[in-house]
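S.K.: Just passing along the structure, written as structure tokens.
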Ligand SMILES: Cc1ncc(C[n+]2csc(CCOP(=O)(O)OP(=O)(O)O)c2C)c(N)n1
Ligand SMILES: Cc1ncc(C[n+]2csc(CCOP(=O)(O)OP(=O)(O)O)c2C)c(N)n1
Ligand SMILES: [Mg+2]
Ligand SMILES: [Mg+2]
């Protein structure tokens, strides 16, 4: 961080106002200070500090043995990270954009995900894969994708997606402590858009716990990452028309906090799910299936998905591709009035 | 085929009794005879005729320029196939097991799927990727996977999965004629288990059309590939208890014949979906979501998924992993009695 | 291998024997590419376009190679070779429209700037994922060979791309199937911030070709005639049935990786300055001035022509509206399936974002 | 490089100087591996186990390399090196139980036969996808180096695996990070049906190492002492901070690719017969017989011991029940999440397949 951020004490903790990039940076620093086996690797993360500057300053602080500027190979980054994780390290790999994870996909789904199972727990792979995902920076087809569903479908992986700086830092440290491979999706649209007070010290936010960010009675709205803000905006919008929306931030996508969702839907009887990824076989379909299975008799309206369209991610019209508030609002109203 | 198969005339057509392997072989031969730009490539498909002998005899018949024994690289197989498809050929690649498709995943999801879109139709990629999928041959974690959902989630790909020799040949030839990239999943458990009369000549079965293989009034059961037979067996079983099940064979998974499913569910008000892949984010979740969205007011019971469990595919207990008839039967009964 | 010597003269033993008109045409194309690049970079800084990835310093490698390929040969680009497409006569207006993602964009606003293509110019589509085009090139070459066509393929990629899966697979397939393909590795010293010497322990990229028994050459990529000569030799080999060739084009990326980059973080100005002395344009200019076919007047005339042309294209591009919204839903498949028909209707008939197209 | 000469004597200039006990131990391990292989192949033919992938003809490459690694060094296997694991003292019973996927299987019946592992023997887990273990090995080596441990890593793979993405990435990372790793490429002539000469245009696999500036050697893989010597040199280099070594072990797969294969389709019996003459066991036996530490009696005693041992293990394995059904639901994560708890309950409490475990 070039400029010194405002810092203050809050209930005994020193907190600093940080954006998401700074909070993740602070989480990485904290985890690296706690445990010398934590090591970072990825393309351009060292000298450059990452194309989004998330790892800025860490190579200087921890040395080039702990912050590896790797060759341009996602297979190499993820494949060697697995080996490191098998031998006592806790590698945190950065994939520069989620769109570029596929060259290393095999190592994640066939190796990292299955290593514990196929050795009956004798070996395990405590690694974290950080990657910026989603639209909103005019990145077009290859700098905007949201491939979380592919990893949720893969047994053995955990999938996390924070929406704000506080959660991001705590979830990231928890993910690094976790003994299983964790995919950590960072909403790049939020990177510099949101600031919060974040404790300077290392802390954790547990995996697998969703958060009700806006309690409500009439419709449940489930979102995560960058779309959380859109859901929230839409909720505020429809509140003016008397529709009271409960907004849930999933935070961990898998294993899911199914209880939080089901109990909310049992209350509201209506649900709208929002995600950026294409609709078909997106995580929204799983949420609809789970809710329908578990709260069928409570449902007063069909669960609704407001999502990216089933096309590659476009450029010029990305604001019409993304499920922004203007598309969530009518969905909430329709659901409420069904 | 080593032994000559029984052959006869049927309504003007010469038909031969074939299993699935023979029917696919016949489909490849027919397409290659029709169009010299059709070319096969894959590991061990030439001299050996494929590890399942699906391509047996084709190298001898069409020469090594049209049946390529490739080096051991799915990236190479799929990446060069795209190039060939861009320049006038119609490559049909074999991936030896669906479990091994991931090293070439990037070429499929980032390249083949998006080439038409990102060139506004100026270029397109008419390629077929054949691959045996699913359990039932004691193949364990890496010779049993069913990754269809990953490709259904990817806009720009078509996904086909035949259940029987007749459809397989017709769908395969249609897929080869198709101007878009098609994933063609072959149920290896069915390869030699089912025989039917199959016309010797080339014919097509249209993509995107499901088939009602057993009409029924009480519950709709949707399946494809090897699980179709289990669904059918279960339907016959529950028929004894007075539950009349309509069994639908999807044949093409995407683009889906949504009409066929919705109109069946509008009639039965109940649906059970069967697939081998792990449940979470499997194609079943999309089907539940679509049905719930489109037939909500008709549903008398929550849609049910009978699927593989959310673990890697096991070995010893594969018959308890797979959603075989013994698991479908109670689901059908429960749905009917809900 | 130097064809154009320090003093501007040609090494007669290496001179590929281009006519003086051809040599001047190369220079003009290189200069035009640079002028276009400069202008686009400014437009990006002014916030008028979102992004640009340029070829400052690498023009000789790009234009020289493009010129040595024959019209019937295919070019399979990375993202930095729009100069090669312009060399083939692609309309500048179309390129600038694409940079704006407007209604004239042949990509219909579906991709980031600089992701061009043109079937009629035998120029495949730029993809952002590094390396993916390399096996495509081999496949095109294999198809040409199978179809008995007298064509070969030149595929561009960077030093960083040699680490990709696709490079490895493509080189291996090219070797095995003796595909008529030229691997044109622009070694510009960097993969974003990573120096080539950290990309691999190999001392040269050309060394890598031996792993696939692909003949290789390492060329001064700032010497346009050396590039031309090496690439034409590769074309000859390919069309003679001799299979693939790997050519390492040694150059230097004088600009940032893209307009999103800040190269000052990872390299010194003095390093850049020292490379400016090896500027491929200056080098070629010295030669043509020595041969009395170029001078300051011609230079400023040509600059003025190019400037005016770009300016005009920019003007027109800025007048054009955004591409049709419904264009977001076509070309996913040959025929639009039901679900995209539905989604198109929902989107086009639905509410609009407040500042659509104006995301920051 | 031949250490054991045609006539059974050692080339004194190359003899790595193993004690005669060590040499006999190598022979006994090689023979034991072959006896186990033979037996498993028969069991498969009788339908008592589902599958086996053996090492017939490749024992010297496998055991020689395993022996030259130190106990503290890691072995990262492909699927054909169970001999290396047995060499390290892995209990045969455990292996046979695994082959049966029974309740004694450390894998709990979750993988196909021959997918072994053992942390206490520093032997990573066999995976079926080709090549994936190679970057793991480099990662283990990088971790050992970072942690300052005096360890290196030997990773086995076949000629076919050199075409994989993972090979390329792993070699490149090893070169860049100077990882203490030995790439042990068993070139057995085939990737299932594909001959090595069609796998790549390169004439040798060792040539590929230069692309990553990794020192390479090409060794007669049927000469166990040559293998030992080359691998020990690699260990020395790795532990001296000299980084990786690539060793091509030239051998021949005398058996089928696996019990599912029918090699007669793609190769002649006469070819196999000619390679039988280069049998690594026969070669080593000639040497130890010459040195009077082995003879027909010792051979038949050792065979009898090994036979009895395998037989006993098979007997016990066949008595053991299937692994617990609920074991299907553990070890997906460190802690079982709610959805697997639910699914376990549904499965264990639900209806049973008619002939569970008996799928044909
Ligand atoms: C698979 C993949 N990983 C990462 C990136 C991000 N990225 C874009 S360009 C680039 C560097 C490319 O370097 P090089 O191949 O040398 O080409 P140059 O830009 O120098 O011309 C990287 C890492 C990407 N586009 N694709
Ligand atoms: C990624 C992947 N593709 C295909 C296969 C199928 N397959 C199994 S073994 C094999 C050949 C391997 O040859 P090689 O590496 O030489 O090892 P060898 O069996 O000869 O020891 C193939 C193609 C696989 N296991 N993984
Ligand atoms: Mg570069
Ligand atoms: Mg081999």
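S.K.: Normalising by the residue count of the stretch A:66-150, find the relative contact order in percent from Cα pairs under 8 Å and 6+ residues apart.
M.R.: For the stretch A:66-150, the relative contact order is 33 percent.
S.K.: Related question: Per the Kirkwood treatment, what hydrodynamic radius in Å, one decimal, follows for the stretch D:194-247 from the mean inverse distance over all distinct Cα pairs?
M.R.: After inverting the mean inverse Cα-Cα distance, the result is 12.2 Å.
S.K.: Moving to a separate point now. Most fluctuating residue of A:242, A:139, A:156 in a GNM of chain A with Cα springs under 10 Å: which is it?
M.R.: For chain A, modelled as a Gaussian network with Cα springs under 10 Å, the answer is A:242.
S.K.: Also, I was wondering about something else. Which value in deg cm²/dmol, rounded to the nearest 500, describes the helix-derived mean residue ellipticity at 222 nm for chain A, given -39,500 (n - 2.57) per DSSP H run of n ≥ 4 and division by the residue count?
M.R.: -9500 deg cm²/dmol
S.K.: Kindly rank D:314-325, C:158-169 from highest to lowest mean number of other beta carbons found within 10 Å of each residue.
M.R.: Descending packing order for the listed peptides: C:158-169, D:314-325.
S.K.: Using Cβ contacts closer than 10 Å as the measure, can you line up B:124, D:287 from fewest to most?
M.R.: The fewest-first ordering by Cβ neighbours comes to B:124, D:287.
S.K.: Using a Förster distance of 25 angstrom, determine the FRET efficiency expected from the C-beta separation of residue B:293 and residue B:122, and round it to 0.05.
M.R.: Numbers: r = 35 Å, r/R0 = 1.40.
For R0 = 25 Å, the calculated efficiency reads 0.10.
S.K.: Using a label point 7 Å beyond Cα on the Cα-Cβ vector, give me the inter-copy distances for residue C:321 in nanometres, one decimal, shortest first.
M.R.: When each copy's label point is compared with this one, the spacings are 7.4 nm.
S.K.: Taking Cα atoms, how many degrees apart are the long axis of helix A:325-337 and the longest axis of chain A, rounded to 10 and kept between 0 and 90?
M.R.: 40 degrees
S.K.: Would you work out the relative contact order for chain A, in percent, from Cα pairs under 8 angstrom that are 6 or more residues apart?
M.R.: Taking the mean separation of contacting Cα pairs over the length of chain A, I get 16 percent.
S.K.: Taking 0.36 nm per residue of separation and subtracting the Cα-Cα distance, what length does fully extending residue D:335 through residue D:277 add?
M.R.: 15.5 nm
S.K.: Determine the relative contact order of chain C: mean sequence separation of Cα pairs under 8 Å and six or more apart, normalised by residue count, in whole percent.
M.R.: 23 percent
S.K.: Further question: Shape of the stretch D:20-323 from its Cα gyration tensor (a ≥ b ≥ c, root eigenvalues): rounded if a/c is under 1.5, otherwise prolate when a/b > b/c, or oblate?
M.R.: Here the stretch D:20-323 falls in the rounded category.
S.K.: By how many degrees, 0 to 90 and rounded to 10, does the Cα axis of helix D:224-239 deviate from the longest principal axis of chain D?
M.R.: Orientation of helix D:224-239: about 80 degrees from the principal axis.
S.K.: By count of other Cβ within 10 Å, fewest leading, how are D:273, C:307 ordered?
M.R.: With the fewest neighbours first, D:273, C:307 line up as D:273, C:307.
S.K.: Assuming a ≥ b ≥ c are the square roots of the Cα gyration tensor eigenvalues, decide whether chain A counts as rounded (a/c under 1.5), prolate (otherwise, with a/b larger than b/c) or oblate.
M.R.: prolate
S.K.: Ok, one more. Could you list C:196, D:132, B:80, A:252 in order of exposure, starting from the residue whose Cβ has the fewest other Cβ atoms within 10 Å?
M.R.: The order, fewest Cβ neighbours first, is C:196, A:252, D:132, B:80.
S.K.: Quick one: label points 7 angstrom along Cα→Cβ at residue A:241, distances to the other copies in nm, smallest first?
M.R.: Result, one decimal in nm: 4.6.
S.K.: Moving to a separate point now. For a quick check, take a GNM of chain A with Cα springs below 10 Å and name the residue from A:136, A:170, A:121 with the largest mean-square fluctuation.
M.R.: Highest fluctuation of the listed residues: A:121.
S.K.: Residue by residue through B:273-282, how many Cβ atoms from other chains fall within 10 Å of the Cβ on average?
M.R.: 5
S.K.: Please say if the protein assembly as shown is rounded, prolate or oblate, where rounded means a/c under 1.5 for a ≥ b ≥ c the square roots of the C-alpha gyration tensor eigenvalues, and otherwise the choice is prolate for a/b larger than b/c and oblate otherwise? If you can, show how the numbers build up before the last one.
M.R.: Values: a/c = 1.38, a/b = 1.05, b/c = 1.32.
In terms of gyration-tensor shape, rounded.
S.K.: Then there is this: Report the paramagnetic label zone for residue B:211: residues of the stretch B:148-178 whose backbone N is under 18 Å from a point 7 Å from Cα along the Cα-to-Cβ axis.
M.R.: Correct set: B:159-176.
S.K.: With springs only between Cα atoms under 10 Å, which of C:254, C:18, C:281 fluctuates most in a Gaussian network model of chain C?
M.R.: Looking only at C:254, C:18, C:281, the largest GNM fluctuation is found for C:18.
S.K.: Then there is this: For the pair residue A:36 and residue D:71, how long in nm is the line joining their label points, each one 7 Å along Cα→Cβ?
M.R.: Those two pseudo-labels are separated by 2.7 nm.
S.K.: Going by Cα centres, the stretch D:57-83 and the stretch B:303-330 are how many Å apart?
M.R.: Going from one Cα centre to the other spans 38 Å.
S.K.: Can you give the Kirkwood hydrodynamic radius of the stretch D:17-105 from its Cα pairs, in Å with one decimal? Before the final figure, lay out each step's value.
M.R.: Values: mean 1/r = 0.0725 Å⁻¹.
When all Cα pairs of the stretch D:17-105 are included, the Kirkwood radius is 13.8 Å.
S.K.: Can you list the distances in nanometres, one decimal and ascending, from the residue C:262 label point to the identical position in each other copy, with the point 7 Å along Cα to Cβ?
M.R.: Here residue C:262 shows inter-copy label distances of 6.7 nm.
S.K.: Using alpha carbons only, how many degrees (0 to 90, rounded to 10) separate the axis of helix B:20-34 from the longest principal axis of chain B?
M.R.: That helix lies at roughly 50 degrees to the long axis.
Only the coordinates and a few stated rules stand behind these numbers; no lab work does. Only a predicted model underlies this, so the values are computations on that prediction, with no experimental measurement involved. As a convention, Cβ positions derive from the backbone with ideal geometry for all residues, glycine included, and neighbour counts pool all protein chains shown.
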